[in-house]
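Enquirer: Got a structure for you, questions after.
The values are calculated or read from the model by the stated rules, or taken from the named source; none is laboratory data. Owing to the predicted nature of the structure, the values given are computational and were not obtained by experimental measurement. Cβ placement follows ideal geometry from the backbone for every residue including glycine, while neighbour counts extend to all protein chains displayed. Only protein heavy atoms, including side chains, enter the accessible area calculation; ligands, DNA and RNA are left aside. Shrake-Rupley method; radii C 1.70, N 1.55, O 1.52, S 1.80 Å.
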Amino acid sequence: MAVYVEFESEGSQAAANLSNDEARALAQFLKRVGIDDFKDLSADIVEARQMQAALILLRAALNCVGYDPR
């Protein structure tokens, strides 16, 4: 199984094909990363929370197709 991810913003598009191993590794990373990591990498708490919210959505999507690390 592989995962196809597509992004679209203001008329531009990008896509990525992830192998099974890459999708599993990404799901594991998304499970491990937390608000403190986002705070360290963002300009402020608002941006950190936006980062976290976006990755929660991505993790949920991976979970829907069977990538749910324990």
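Enquirer: Working only within the range 48-70, note down all residues that are assigned to a helix (DSSP H, G or I) and either open to solvent by 70 Å² or more (accessible area, probe 1.4 Å) or among the β-branched types (V, I, T) (or both).
Expert: Residues satisfying the conditions are R49, Q50, I56, L57, R59, N63, C64.
Enquirer: Kindly indicate the residue of the range 33-47 that is of a type in the set (G, A, S) and exposed (fewer than 13 other Cβ atoms within 10 Å of the Cβ) and also farthest from A60 (Cα to Cα) among those meeting that condition. Give the derivation first.
Expert: From the range 33-47, those of a type in the set (G, A, S) are 34, 42-43; that's our starting set.
Now narrow it down to the ones that are exposed (fewer than 13 other Cβ atoms within 10 Å of the Cβ): 34, 43.
Numbers: G34: 15, A43: 25 Å.
Among residues in the range 33-47 that are of a type in the set (G, A, S) and exposed (fewer than 13 other Cβ atoms within 10 Å of the Cβ), the one farthest from A60 (Cα to Cα) is A43.
Enquirer: All but one of (1) open to solvent by 50 Å² or more (accessible area, probe 1.4 Å); (2) free of Cβ contacts under 8 Å to residues at least 60 places away in the same chain hold for L30; which doesn't?
Expert: Unmet for L30, out of (1) open to solvent by 50 Å² or more (accessible area, probe 1.4 Å); (2) free of Cβ contacts under 8 Å to residues at least 60 places away in the same chain: (1).
Enquirer: Kindly provide the set of residues from the range 5-18 that are on the phi < 0 side of the Ramachandran plot and either surrounded by fewer than 10 Cβ atoms within 10 Å (Cβ to Cβ) or more than 15 Å from the chain's Cα centre (by Cα) (or both), ordered by number.
Expert: E6, F7, E8, S9, S12, Q13, A14, A15
Enquirer: Give the number of residues within the range 17-47 that are assigned to a strand (DSSP E or B) and in contact with a helix residue (DSSP H, G or I) (Cβ under 9 Å, 6 or more places away or on another chain).
Expert: As a first pass, look at the range 17-47 and keep what is assigned to a strand (DSSP E or B): 17-18.
Among the residues that remain, those that are also in contact with a helix residue (DSSP H, G or I) (Cβ under 9 Å, 6 or more places away or on another chain) are: 18.
Going through the range 17-47 one residue at a time, the tally reaches 1.
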